[in-house]
Amino acid sequence: MTRHYSALSLFKEGLRGQKGWQKAWRSPAPKPRYDILIIGGGGHGLATAYYLAKVHNIRNIAVIEKGWLGGGNTGRNTTVVRSNYFFPESTELYDLALRLYETLGREINYNIMLSQRGIMTLAHSEADMEMAARTVNAMQINGTDAELFGIEDVRRVLPLLNVSPQARYPVFGGVWQGRAGTARHDAVAWGYARAADRLGVDIIQTCEVEEFLIEGGRCRGVKTSLGEIRAERTGMVVAGHSSHLAAKAGFRLPITSYALQACVSEPIKPVLDTVVLSPGTGVYASQSDKGELVVGGALDRVPSYGQRGNLPVLEDVVTGLLEMFPSFRQLRLMRQWAGIVDVTPDSSPILGESPLPGLFLNCGWGTGGFKAIPAGGTLLAHLLATGKHHDVSRPFDLDRFSRGRLIDEAAGSGIAH
Amino acid sequence: MQLFPCPFCGPRSESEFHFGGDAGNHRPEGFRDVTDSEWTAYLYERNNPRGAANEIWMHMACGEVFRMERDTVDHRVAQSFVLGEGGDNGGMA
Ligand SMILES: Cc1cc2nc3c(=O)[nH]c(=O)nc-3n(C[C@H](O)[C@H](O)[C@H](O)COP(=O)(O)OP(=O)(O)OC[C@H]3O[C@@H](n4cnc5c(N)ncnc54)[C@H](O)[C@@H]3O)c2cc1C
Ligand SMILES: [Zn+2]
């Protein structure tokens with residue numbers, strides 16, 4: 001059986017008709033008891049399991065997923081990775097993730113197709129340019145890469161962008177982060193799953209957590225569609241479904257669930273080799289390796305668990321894209337979809353122990369948690385293994401809402417949603 | 001495009017409406033006596049139910065605020081109410 005992925009093993013398997021590949025992960029039946037349980041087989045849950053096994057040497061772990069791996073937001077996102085945030089706490093977090101992404105493919109022997117093609121966040125007025133300069137300064141002081149681009153630089157990296165002074169949102173320049181880019185979403189989920197499985201983690205799909213086992217005021221495990229599973233510590237990593245499970249554990253969260261949509265065009269030859277975001281139109285786009293334009297925009301403004309997306313936002317996204325790139329007018333859209341994202345009041349995630357002792361949270365990533373998967377996994381693993389915060393996760397504890405110490409990235413970095 | 005029923009204007013496009021939070025989220029009375037956790041619950045914690053929801057909405061065309069019962073999974077609207085009618089004052093003291 002071939003386990004290791006390399007050009008040589010691909011060649012050897014080619015000679016044998018590709019019949020000798022080992023399954024990427026097992027599909028074991030759940031055991032009655034684990035040291036640590038993780039609810040949710042998205043990127044953050046799988047990464048948590050991997051780092052628990054790898055860094056903390058805890059191997060008696062299970063990941064429980066109600067559907068299939070990556071079938072939540074991880075497999076539905078537009079794959080942008082970046083760390084262009086405003087506050088030092090955020091840069092610590094998102095740049096940790098980006099640095100881990102830079103070496104992840106080699107570490108887990110899985111090609112996550114990280115492509116650091118840069119992201120251009122446009123500025124549409126003189127005032128926007130001043131804010132862009134402020135963002136660039138903040139990012140540089142916080143220790144990550146950022147450049148202030150003028151109109152000539154924008155023209156150079158985005159030759160098809162409508163930069164006419166007559167445009168609805170004229171372009172003055174913007175913030176460039178060269179280390180940002182895209183990565184393959186499924187590969188991140190599958191790569192972590194395969195690496196965790198190899199270290200002994202049980203990955204259990206089509207198993208839904210229905211209730212918590214609460215004894216003596218502590219979380220002692222969960223009741224699932226496949227029966228009870230006990231554990232000393234449980235991590236809840238279910239994105240848009242966090243409030244639903246929190247209610248079963250007896251507390252509420254500062255989260256509202258919304259549908260976030262994206263769409264792709266038919267595949268075309270290479271026309272766009274960076275990621276571009278226009279705060280004016282609220283639209284961002286990149287081109288996939290298959291040639292499809294991957295396009296996203298704002299949230300649907302209706303709280304929702306319906307994984308579909310509504311028409312008004314899709315119309316806004318498409319008209320915004322055509323405003324930015326008139327030459328895309330003749331393209332056909334191939335697919336549209338939505339994921340249910342977990343939005344917090346300050347657009348920052350929640351990491352830490354929940355009000356129910358023994359149950360730990362990794363949620364609230366909202367519209368932007370794909371980029372954070374390696375860090376979210378590292379930090380929740382630290383919490384689950386030690387019971388204590390890592391320095392990087394401390395500011396993101398749920399207690400920031402009662403302490404009034406919000407990390408307001410919606411205002412700080414002007415993120416689109 | 002979904003139509004939401006404004007109790008004053010009738011069915012109108014969803015894009016004319018603004019979500020206003022959970023019905024029944026009353027502002028704590030008592031100023032200094034209100035604890036941090038009470039303020040946190042009022043300001044930040046949300047019901048965010050999967051399924052039947054009871055919410056405050058504003059119809060931005062007429063500017064009126066009202067209560068709406070709907071389902072967050074299939075988006076079916078059960079009914080909308082003028083505040084103070086329908087057995088709940090919708091959080092407006
Ligand atoms: C359209 C769209 C575009 C996006 N674009 C970007 C982007 O470009 N860049 C970026 O950084 N982020 C982006 N995001 C956000 C990003 O996708 C998420 O923040 C991230 O994937 C969250 O990962 P997760 O592992 O926490 O959640 P998920 O991947 O959603 O995983 C949670 C899992 O929990 C499972 N689950 C839920 N309830 C239960 C239960 N009761 N029992 C068992 N399992 C359960 C779900 O089935 C799911 O698989 C986007 C999101 C969407 C929807
Ligand atoms: Zn009205």
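Mind checking the dipole of chain B: about its Cα centre, +1 per Lys or Arg Cβ, -1 per Asp or Glu Cβ, Debye to the nearest 20? Write down the numbers at each step before the final one.
Values: 8 positive and 15 negative charges, 40 e Å.
It comes to approximately 200 debye.
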### Query
In Å², nearest 100, what accessible area do chains B and A bury in total when the solvent probe is 1.4 Å?
2100
### Query
Extent of the protein assembly as shown along each principal axis, from alpha carbon coordinates, in Å, largest to smallest?
72, 65, 43
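With charges set only on the Cβ (+1 for Lys and Arg, -1 for Asp and Glu), what does the dipole of the stretch A:176-241 come to about its Cα centre, in debye to the nearest 20?
Working: 9 positive and 9 negative charges, 77 e Å.
The calculated dipole for the stretch A:176-241 is roughly 360 debye.
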### Task
Quick one: which residues, 5 or more positions from residue A:350 or on another chain, have an amide H under 5 Å from its amide H? H modelled 1.01 Å from N in the peptide plane, none for Pro or chain starts.
A:363, A:364, A:365
### Total charge dipole magnitude, the protein assembly as shown, about the Cα centre, Cβ charges on Lys, Arg, Asp, Glu only, Debye to nearest 20
2160
### Query
Ordering A:202, B:36 from largest to smallest accessible area (1.4 angstrom probe), what's the sequence?
B:36, A:202
### 10 Å binning of all Cα-Cα separations within the stretch A:302-417, expressed as whole percents from 0 upward
12, 33, 29, 17, 8, 1
### Message
Taking 8 Å as the Cα distance limit and 6 or more residues as the minimum spacing, I'd like the relative contact order of chain A as a percentage.
### Response
22
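Can you pull out the trypsin sites (Lys or Arg not before Pro) in the stretch A:160-198 whose DSSP state is coil and whose Cβ has at most 14 other Cβ atoms within 10 Å?
Details: sites: A:168, A:179, A:184, A:194, A:198; in loops: A:168, A:179, A:184.
In loop regions of the stretch A:160-198 (DSSP not H, G, I, E or B), the sparsely surrounded trypsin sites (Lys or Arg not before Pro) are A:168.
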### Task
Would you work out which of A:331, A:404, A:317 lies farthest towards the positive end of the dipole of the stretch A:310-417, given +1 charges on the beta-carbon of Lys and Arg and -1 on that of Asp and Glu, about the Cα centre?
A:331
### Summary
Ranking B:40, A:116, A:24 by how far each Cα lies towards the positive end of the charge dipole of the protein assembly as shown (+1 on Lys and Arg Cβ, -1 on Asp and Glu Cβ), the top one is A:24
#### Entry: Dipole of the stretch B:10-93 [Lys/Arg +1, Asp/Glu -1 at C-beta], most positive-end residue of B:13, B:63, B:25
B:13
### Normalised per residue, the volume of the convex hull around the Cα set of the stretch A:63-170 (Å³)
163
### Query
What are the semi-axes of the equivalent ellipsoid for chain B, taken as the square roots of 5 times the Cα gyration tensor eigenvalues, largest first, in whole Å?
26, 15, 11
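Please sort through the DSSP H helices of chain A and keep those with an alpha-carbon extent of at least 18 Å along the long axis and a Kyte-Doolittle average not below 1.0. Mind showing how you got there, number by number?
On the way: long enough: A:88-108 (29 Å, -0.38); A:126-141 (23 Å, -0.07); A:185-198 (20 Å, -0.61); A:311-324 (20 Å, 1.18); A:373-386 (19 Å, 1.29).
Passing helices, by number: A:311-324, A:373-386.
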## Note on the structure
Lys and Arg at +1, Asp and Glu at -1: neighbours of residue A:203 with Cβ under 9 Å from its Cβ sum to -2
### Query
trypsin sites (Lys or Arg not before Pro), restricted to the stretch A:292-357: which are DSSP loop and have at most 15 other Cβ atoms within 10 Å?
A:308, A:329, A:332
### Query
If you project the alpha carbons of the stretch A:238-308 onto the principal axes, what extent comes out on each, in Å, largest first?
52, 26, 19
### Summary
Residues of the stretch A:36-78 with backbone N under 18 Å of the label point set 7 Å from the Cα of residue A:21 along Cα→Cβ are A:69-70
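Take the cross-link list A:66/A:248; A:54/A:388; A:66/A:290 and give me the ones stretching past 21 Å between alpha-carbons.
Numbers: A:66/A:248 16 Å; A:54/A:388 18 Å; A:66/A:290 30 Å.
From A:66/A:248; A:54/A:388; A:66/A:290, over 21 Å: A:66/A:290.
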## Note on the structure
Summing -39500 (n - 2.57) over every DSSP H run of at least 4 residues in chain A and dividing by its residue count gives a helix-only mean residue ellipticity at 222 nm, to the nearest 500 deg cm²/dmol, of -9000 deg cm²/dmol
### Per-residue HN-Hα couplings for the stretch A:390-398 [Karplus 6.51, -1.76, 1.60; θ = phi - 60°; Hz; x = Gly/Pro]
6, 3, 6, 8, 3, x, 9, 4, 4
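The values are calculated or read from the model by the stated rules, or taken from the named source; none is laboratory data. The model shown is predicted, which means the values in this text are computed figures rather than measured ones. In this analysis, Cβ positions are derived from the backbone assuming ideal geometry, glycine residues included, and neighbour counts consider all displayed protein chains. Note: accessible area is taken over every heavy atom of the protein model, side chains too, but ligands, DNA and RNA are not part of it. Shrake-Rupley method; radii C 1.70, N 1.55, O 1.52, S 1.80 Å.
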